[in-house]
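S.K.: Below is the structure I would like to discuss, written out as C-alpha cells.
Bear in mind these aren't lab numbers, they're just calculated from the coordinates by the rules spelled out. Small disclaimer: the values here were computed from a predicted structure and weren't measured. For neighbour counting, all protein chains shown are included, and Cβ atoms are generated from backbone atoms with ideal geometry for every residue, glycine included.
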Amino acid sequence: MSDLSHPEYHLPPTNEPLRISVRRLRWFRAAFQKFTQDLGAEIGCVFHLDEPKLAEIFVRWLRAIERQKPADKSARKDYFEFAAGLMLREFTADLPLKALSAPRNVAADSAAAFWPEGYVCTLFCLTVHAAAAEQEFHDHPDVAPAFDDLRQWWSFRENIRQDNGFSVGFLQLLLGHQPNWAMPDVFRARLQHEISEATPRPV
C-alpha cells in the first residue's frame, strides 16, 4: 500500500472536499479504522485501536494546524504537506494502535515488520495527504526511496523518543524533500529553510 497513486481507494467516501472531511472527527475516525483494517489485512497483522486516544490525537492535530496556519495563500500547498506531518507527530506522540500479532505477509527486514504501528500511522498520513493534494492541486505525491530504507525507520523511531517533532521531518523526507531538522515542526522555519536551499550560493 506504499503506492499512493490511488489514495482515495483506502479512504471512506465523502461528499465534501477531503480537506473539510478530514477535520470532522466522525470521518477521521472512520478513515483511520478502514485504513488500519485494509493495511492490517495486507500485511497480515491484527491491531487493537484505542478510540479515545484517536479522538485526542484528532483534537491536538486540529489545534496544531490552526495555530500555524499561514496567512499567505501562496504557502497553501506547502502547508498541506506540513499539516500531514503534524498529523503524524500527534499519532507518534501517543500511538492509538497496538499490534496483536506479528505481520505475517511482509519480509522480516521491512518497516511493517519492524514497527507495524508506526508504519500504519505513517502510511495513513501519507495517504490522506496524497488524496488531498490530488483534489486541491492535481498533484500526485509519491514516496521517496527512503520509504524502503529500514535505517530511516529505525532513526525515526529512536529520534521521536527525544523530540516528537522529528515525525514532521520524517514525513517530509518520505515525500522526497530535505527537512529542516533543527525545527521540523515549525512551519515558518521550514519556509525559511526552503528559501535558503533555493538561493544560489556565491561562487
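S.K.: Restrict the search to region 1-100; then list the GluC sites (Glu not before Pro) that DSSP places in a loop and that have at most 12 other Cβ atoms within 10 Å of their Cβ.
M.R.: When the GluC sites (Glu not before Pro) of region 1-100 are filtered for loop state and at most 12 Cβ neighbours within 10 Å, nothing remains.
S.K.: Search the structure for amide H atoms under 5 Å from the amide H of Phe47, placed 1.01 Å from N in the peptide plane, and list their residues when 5 or more places away or on another chain.
M.R.: Leu100
S.K.: Quick one: which residues, 5 or more positions from Gly176 or on another chain, have an amide H under 5 Å from its amide H? H modelled 1.01 Å from N in the peptide plane, none for Pro or chain starts.
M.R.: Correct list: Ala144.
S.K.: Sticking with this one: Need the list of aspartates and glutamates near Lys53 for cross-linking: C-alpha distance under 12 angstrom, and skip anything on the same chain fewer than eight residues off.
M.R.: In chain and number order, the partners are Glu90, Asp94.
S.K.: Okay, moving on. Where in region 53-136 are there trypsin sites (Lys or Arg not before Pro) that are in a DSSP coil and have at most 16 other Cβ atoms within 10 angstrom of their Cβ?
M.R.: Arg104
S.K.: Just from its helices, what would the mean residue ellipticity at 222 nm be for the chain, if runs of 4 or more DSSP H residues each count -39500 (n - 2.57) and the sum is divided by every residue, rounded to the nearest 500 deg cm²/dmol?
M.R.: -18000 deg cm²/dmol
S.K.: By the gyration tensor of its Cα atoms, with a ≥ b ≥ c the square roots of the eigenvalues, what is the shape of region 7-143: rounded for a/c under 1.5, prolate for a/b over b/c, or oblate?
M.R.: Taking the square roots of the gyration eigenvalues as a ≥ b ≥ c, region 7-143 is prolate.
S.K.: Normalised by the number of residues in the chain, what is the relative contact order in percent for Cα pairs under 8 Å and 6+ residues apart?
M.R.: This gives 24 percent for the chain.
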